[in-house]
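Structure first, commentary second.
Computed from the coordinates by the stated procedures, all read-outs in this text should not be read as laboratory data. Just so we're clear, the structure is a prediction, and the values are computed from it rather than from any experiment. Neighbour counts run over all protein chains shown; Cβ positions are idealised from the backbone, glycine included.
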Amino acid sequence: MQNTTLARQDATSFPLLDDIVVLADAAMRAGDPARIVDRLTVGLRGLLAGHDEALPAWLLDGAPEGYVRRELYRSRSRGYQIVAITWAPGQGSPVHDHGDTWGIEALLRGRLEVVDYRVVARHRALAELRPAASHTLEPGTVIGLLPPHDLHACRNASARETAVSLHIYGRALDAVKRYAQVGDALYRPQRIRLAVVD
Ligand SMILES: [Fe+2]
């Protein structure tokens, strides 16, 4: 699955960004990842509940080869990163984790299926994974991901509607560990660098 990260300057017109940055700066003062994720989850739910402006058109621009990542903001002082992902109908991510970084996933538009996985056994270099839970994200839904329990895959199951999600990571997510399926429930972990174009 290809993905593309677009330049930050494309993102300057995202209407909620200033409020999200204020919220994230305040949440980061909690220090502990679990408390940061809690604060951000609750705060972002509140922000999104009171927001009904249409998304800017550039945020709906997908790509046929795979979902599109756009970096909206990166905090120089606190290190966190805010990314929007545009999922065309049917597009999804492989099973992956975020290394050692906490994450927040919120849905802005459309619908996104998120399946959580757990490792049930290891066979040399391969991991046996089983789905553990699934969530349907609708606009305004916010979930938190805390390592080491953060193996997941996302998919826009709609045949017609583009989905847009917003992600906040504790540090810039330049690489993730992906799990390529090689057998029934067997996966090979691979560290993948995410493309960044600035
Ligand atoms: Fe993810």
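Give me the distance in nm between label points sitting 7 Å out from Cα along the Cα-to-Cβ direction at E161 and D52, one decimal.
1.6 nm
R193: net charge of surrounding residues, Cβ under 13 Å, Lys/Arg +1, Asp/Glu -1, itself excluded?
Its environment carries a net charge of +3.
About its Cα centre, how strong a charge dipole does region 4-193 have in debye, to the nearest 20, once Lys and Arg get +1 and Asp and Glu get -1 at the Cβ?
660 debye
Where both partners of a DSSP beta bridge lie in the chain, what percent of those bridges are antiparallel, to the nearest 5?
Antiparallel bridges: around 95 percent, rounded to the nearest 5.
What ranking do S134, S77 get, fewest neighbouring Cβ atoms within 10 angstrom at the top?
Starting with the residue having the fewest Cβ neighbours, the order is S77, S134.
Can you compute the radius of gyration and Dmax for region 7-74, using only the Cα atoms, both in Å?
In Å, with Rg to one decimal and Dmax whole: 14.0, 40.
Against the empirical 2.2 N^0.38 Å scaling, what ratio does the C-alpha Rg of the chain come to?
After normalising by residue count via 2.2 N^0.38 Å, the value is 0.99.
Tell me which of L166, A57, S77 sits at the most positive position along the dipole axis of the chain, charges placed on C-beta atoms (Lys, Arg +1; Asp, Glu -1).
S77
Sorted from largest down, what three extents in whole angstroms do the Cα atoms of region 128-198 have along their principal axes?
33, 31, 25
Quickly estimate the mean residue ellipticity at 222 nm for the chain, helices only: each DSSP H run with n ≥ 4 gives -39500 (n - 2.57), and the total goes over all residues, rounded to 500.
My calculation for the chain gives -5000 deg cm²/dmol from helical runs alone.
Subtract the Cα-Cα distance of E138 and R78 from 0.36 nm times their separation in residues, and report this length gain in nm to one decimal.
18.7 nm
Against the longest alpha carbon principal axis of the chain, how many degrees, from 0 to 90 and to the nearest 10, is the axis of helix 33-49 turned?
Computed tilt is about 50 degrees.
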